[in-house]
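The structure under discussion appears below in the form of structure tokens.
The values are calculated or read from the model by the stated rules, or taken from the named source; none is laboratory data. Predicted, not measured: the structure shown is a model, and the values here were computed from it. Heads up, the Cβs are rebuilt from the backbone with ideal geometry, glycines too, and the neighbour counts pull from every protein chain shown. Surface areas here come from the heavy atoms of the whole protein model, side chains and all, with no ligands, DNA or RNA. Shrake-Rupley method; radii C 1.70, N 1.55, O 1.52, S 1.80 Å.
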Amino acid sequence: MYRWNNKEYKCPIETTIDVLGGKWRSLIVWHLNKEILRFSEIQKIVPGISKKVLSEHLKELEKNGFIERTVYPEVPPRVEYKITSKGKGLGEILDLMEKWGRNILETEGEKID
């Protein structure tokens, strides 16, 4: 049994699933693993996410040390998000998930435009 982030975990996989918390956080981490992005850029490439939910997930990922938020003192303020070394570990997991999903889609799926 382990305790992390005020929660108890019996299995390491449970921890990983909890951190990724569904498709939104996974997609955010996936894209930030590829490049530094601003809030509006993340919102454009993560389809269907609201500003409120995106903001909540970014705060949670930052609090847990998976992403870093940089505010530039400009008018208007520019805020960028980037992956941390801790977050890159999640990126490796997501790369494997992407490869598996791509294989399923290419071998069993139907391509639509």
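Taking HIS31 as the residue in question, decide whether it is surrounded by 11 or more Cβ atoms within 10 Å (Cβ to Cβ), under 22 Å from ILE93 (Cβ atoms), touching a Phe, Trp or Tyr at 6+ places or on another chain (Cβ under 6 Å) and modelled with pLDDT of 90 or more. Show your work before the answer.
Numbers: surrounded by 11 or more Cβ atoms within 10 Å (Cβ to Cβ): yes; under 22 Å from ILE93 (Cβ atoms): yes; touching a Phe, Trp or Tyr at 6+ places or on another chain (Cβ under 6 Å): no; modelled with pLDDT of 90 or more: yes.
No.
Whether any residue in the range 36-56 is open to solvent by 40 Å² or more (accessible area, probe 1.4 Å), among the aliphatic types (A, V, I, L, M) and in contact with a His (Cβ under 7 Å, 6 or more places away or on another chain) is what I want to check.
Yes, the range 36-56 contains a residue that is open to solvent by 40 Å² or more (accessible area, probe 1.4 Å), among the aliphatic types (A, V, I, L, M) and in contact with a His (Cβ under 7 Å, 6 or more places away or on another chain).
So, restricting to helices (runs of 4 or more DSSP H) that lie completely within the range 16-113, which ones have at least 1 residues that are more than 23 Å from TRP4 (Cβ to Cβ) and touching a strand residue (DSSP E or B) at 6+ places or on another chain (Cβ under 7 Å)?
Numbers: elements: 23-32, 39-45, 51-63, 85-108.
Ranges flagged: 23-32, 39-45.
Conditions first: (1) closer than 17 Å to GLY91 by Cβ; (2) open to solvent by less than 40 Å² (accessible area, probe 1.4 Å); (3) in contact with a Phe, Trp or Tyr (Cβ under 8 Å, 6 or more places away or on another chain). LEU20 passes all but one, so which condition is the exception?
Condition (3) is where LEU20 drops out.
Given (1) closer than 30 Å to PRO12 by Cα; (2) among the polar types (S, T, N, Q); (3) at pLDDT 95 or above, where does SER26 come up short, assuming only one miss?
Every condition holds for SER26 apart from (3).
Might you check whether a residue that is at pLDDT below 95, of a type in the set (Asp, Glu), farther than 16 Å from LYS86 by Cβ and surrounded by 13 or more Cβ atoms within 10 Å (Cβ to Cβ) occurs anywhere in the range 3-11? Step through it out loud before you land on a result.
Taking the range 3-11 as the starting set, the residues that turn out to be at pLDDT below 95 are 3-11.
From what's left, of a type in the set (Asp, Glu): 8.
With farther than 16 Å from LYS86 by Cβ added as a condition, the list becomes 8.
Those left that are additionally surrounded by 13 or more Cβ atoms within 10 Å (Cβ to Cβ): none.
Scanning the range 3-11, I find no residue that is at pLDDT below 95, of a type in the set (Asp, Glu), farther than 16 Å from LYS86 by Cβ and surrounded by 13 or more Cβ atoms within 10 Å (Cβ to Cβ), so the answer is no.
Cβ-Cβ under 6 Å, sequence separation 6+ or interchain: first residue in the range 65-80 and on the phi > 0 side of the Ramachandran plot and of a type outside the set (Val, Ile, Thr), partner outside any strand (DSSP E or B) and open to solvent by 80 Å² or more (accessible area, probe 1.4 Å). Which pairs?
GLY65/LYS86
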